[in-house]
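Colleague: Just passing along the structure, written as structure tokens.
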Amino acid sequence: MQKYNFKIILQLMGILLLFNGGFMLISGLVSWYFNDGALEGILLAGGITILTGLVLRFITKGFEKNIKKREGYLVVTLGWLTMSLSGALPYIFSGAIPSFTDAFFETMSGYTTTGASILNDIEIMPESILFWRSTTHWIGGMGIIVLAIAILPLLGIGGMQMFAAESPGPSADKLHPRIADTAKRLWFLYFGLTLTEALLLKLAGMGYFDAINHAMSTLSTGGFSTKNASIAYWNDQPLIQYIIMFFMFVAGTNFILTYLAVKGKFGKYLEDEEFKFYFGAIISISVIASLVIFFYADVSIEPNEIQKIAHPKLYGELESSFRHGLFQVLAVITTTGFVTADFSIWSPFLTVMFFVMMFLGASAGSTSGGVKFVRHIIMVKNGFLEFKRSLHPNAIVPVRYNQKPVTRGIVFNIMAFFILYLIVFAIGSLVFSFMGIDFMTSIGAAASSLGNVGPAFGDLSPVNNYSSLPPFGKWWSSMLMLFGRLELFTVLIIFTPYFWRSN
């Protein structure tokens, strides 16, 4: 069996627990400020988490600081599980979510930035618990940025191998001290964007507590809201929704491109193929959705009463149609999961279109889930080139991305990823249906969980939540969230026999 440096794995788990416990204490301050009755439970959860982290660091002193590729897979997967298990404690100890199954589901949904919830009445939750939900999003979102840009390329499975050489991140073939520098810069950018959105939302009329929570959920492309009606609560305040739309778009963009733009290199956006496809897809799909809504759907929702959505009918307000169409397209493509209306009842055509969008994802190196546009671009280009190769079998015709040839290894990696993604989706849907769940709900739950989208179809439509799933369904959905969030290979490879062999 392969010899692993388990000490460094446990040491890193200890660091993550200390990090997680520290954020729990911040939620404790929120509880103290609002006097919401959850302080004791949150402090207990934070204390246990920090103590466990200290113990792990103590028993792993003097470890060899050398992470090999196989250990990297274990660190990433176990790290997400460790964060989710410890992150469930504030819900349980505060009594907000007494069931461990429900608490773990809510936490996994938070850290994977899925945004699916089992809470039937969000607004009765203590403020500190709502803040903790948003914090799990925020931590998970930045974790994914560092993972996608600094770690996954080193394991050979990320979408970032194709990014330009001027990226401030590390090379894709070996660990480099610049990883820490990259992570630090991205953390500052992430924090700055979150603060900016929160301030703009406050100026637009949102309360400061709601503004902070929604900013954390937006930049992480998570989707947890402090309101039962999600962003539909502010349907009579379009400016708030446009601000959230802008930051959803930014969060779905490659963060390295955004970093370069902040440094004044705006031209990098126009030079990047993925960004152009991402931007073009959002505009074109939004126009189609807006026209369908304008002529066929009713997007009016009483604030704070999302359950009272009217049945589809002619609706003729152009701005409202455009706003709701663009908002929901952005929310699904970036996998943020916020809602301003029930897109599942607009029309059969839009229902199918939104289902397909769950398989798109936004940009590699963003906080979004899904397949990512760069993979779709490479697959489509390679598909068309197969016609040329059929006519000229001896010709060497490489796939080109950003004017550079893409190696066959990366193309095969992307094709394997997409095939595996569809297989996991199919198996996921079958397992849900085996529990007696109807067809639309089953495929919606599988697509939404795997793509980290949040709202789905059937019993899991935007006006419902995941509380109706049986206990095993919640665990299965949680597993799919983890698979999708960690790019499939990272988790699945651990279950293969050759992962544990010595060679």
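Colleague: Can you give the FRET efficiency to the nearest 0.05 for F58 and I423, using r as the Cβ-Cβ distance and R₀ = 45 Å? Walk me through the numbers before you get to the answer.
Modeller: Values: r = 43 Å, r/R0 = 0.95.
According to the calculation, E is roughly 0.55.
Colleague: Follow-up question, since we're still on this one. Where does each of 237-246, 370-379 land if you order them by average Cβ count within 10 Å, highest first?
Modeller: 370-379, 237-246
Colleague: How would you order 487-499, 212-224, 346-358 from highest to lowest mean count of nearby Cβ atoms within 10 Å?
Modeller: The most tightly packed comes first, giving 212-224, 346-358, 487-499.
Colleague: How much length is gained on full extension from F295 to L29, taking 0.36 nm per residue of separation minus their Cα-Cα distance?
Modeller: Residue separation times 0.36 nm, minus the Cα-Cα distance, leaves 90.9 nm.
Colleague: Okay, moving on. How much accessible area per residue does the chain have, counting only protein heavy atoms and a probe of 1.4 Å, in square angstrom?
Modeller: In whole numbers, the chain has 41 Å² accessible per residue.
Colleague: According to a simple spin-label model (label point 7 Å from Cα along Cα-to-Cβ), what is the distance in nm between Y242 and E319?
Modeller: Simple spin-label model gives 0.8 nm for this pair.
Colleague: A further question follows. Ordering Y421, Y259 by how much accessible area each has at a 1.4 Å probe, largest first, what is the list?
Modeller: Largest to smallest exposure gives the sequence Y259, Y421.
Colleague: Then there is this: Could you work out the mean projected area of the convex hull around the alpha carbons of the range 1-127, in square nanometres to one decimal?
Modeller: Dividing the Cα hull surface by four gives the mean projection, 8.8 nm².
Colleague: Then there is this: Along the Cα-to-Cβ line of M435, 7 Å from the Cα, sits a label point; which residues in the range 473-503 have backbone N less than 17 Å from it?
Modeller: So the set is 473-484.
Colleague: Next up: Listed highest first by mean packing, meaning other Cβ atoms within 10 Å per residue, what order do 38-49, 6-17, 473-484 come in? Walk me through the numbers on the way to the answer.
Modeller: Numbers: 38-49: 21.5, 6-17: 19.4, 473-484: 23.3.
By packing density, highest mean first, the sequence is 473-484, 38-49, 6-17.
Colleague: Going down the table (K372/K474; K184/K227; K68/K276; K68/K263; K265/K372), which pairs top 27 Å between alpha carbons?
Modeller: K184/K227; K68/K276; K68/K263
Colleague: Okay, next question. Please work out, to two decimal places, the log10 of the ratio I(q)/I(0) at q = 0.08, 0.13 Å⁻¹ from a Debye calculation in which every Cα of the chain carries one identical scatterer.
Modeller: Here the Debye-derived log intensity ratios amount to -0.47, -1.31.
Colleague: So what does I92 come to for accessible area, using a 1.4 Å probe and Å² rounded to 10?
Modeller: For I92, the solvent-accessible surface is approximately 50 Å².
Colleague: A further question on this structure: What's the whole-number percent of alpha carbon pairs in the range 380-503 lying beyond 26 angstrom?
Modeller: 42 percent
Colleague: Can you give me the relative contact order of the chain as a percent, contacts being Cα pairs under 8 Å and 6 or more apart?
Modeller: On the way: 870 pairs, mean separation 81.2, N = 503.
Answer for the chain is 16 percent.
Colleague: Also, quick follow-up: Would you mind listing how long the range 174-265 runs along its three principal axes, going by Cα atoms, in whole Å with the largest first?
Modeller: 50, 25, 19
Colleague: Can you give the helix-only mean residue ellipticity at 222 nm for the chain, where every DSSP H stretch with n ≥ 4 adds -39500 (n - 2.57) and the sum goes over all residues, rounded to the nearest 500 deg cm²/dmol?
Modeller: On the way: 20 runs with 304 residues, N = 503.
My calculation for the chain gives -20000 deg cm²/dmol from helical runs alone.
Colleague: Could you check how much of the accessible area of the chain is carbon and sulfur, as a whole percent, using a 1.4 Å probe?
Modeller: Working: 14340 of 20620 Å².
Using a 1.4 Å probe with all protein chains present, the chain comes out at 70 percent carbon and sulfur.
Colleague: For L203 and I288 in one chain, what is 0.36 nm times their gap in residues minus the Cα-Cα distance, to one decimal in nm?
Modeller: Taking 0.36 nm per residue and subtracting the Cα distance, the gain is 27.4 nm.
The values are calculated or read from the model by the stated rules, or taken from the named source; none is laboratory data. Bear in mind the structure is a predicted one, so any value in this text is a computation, not a measurement. Backbone-built Cβ (ideal geometry, glycine too); neighbour counts: all protein chains shown. Side chains are part of the model used for accessible areas, which takes the heavy atoms of the whole protein and leaves out ligands, DNA and RNA. Shrake-Rupley method; radii C 1.70, N 1.55, O 1.52, S 1.80 Å.
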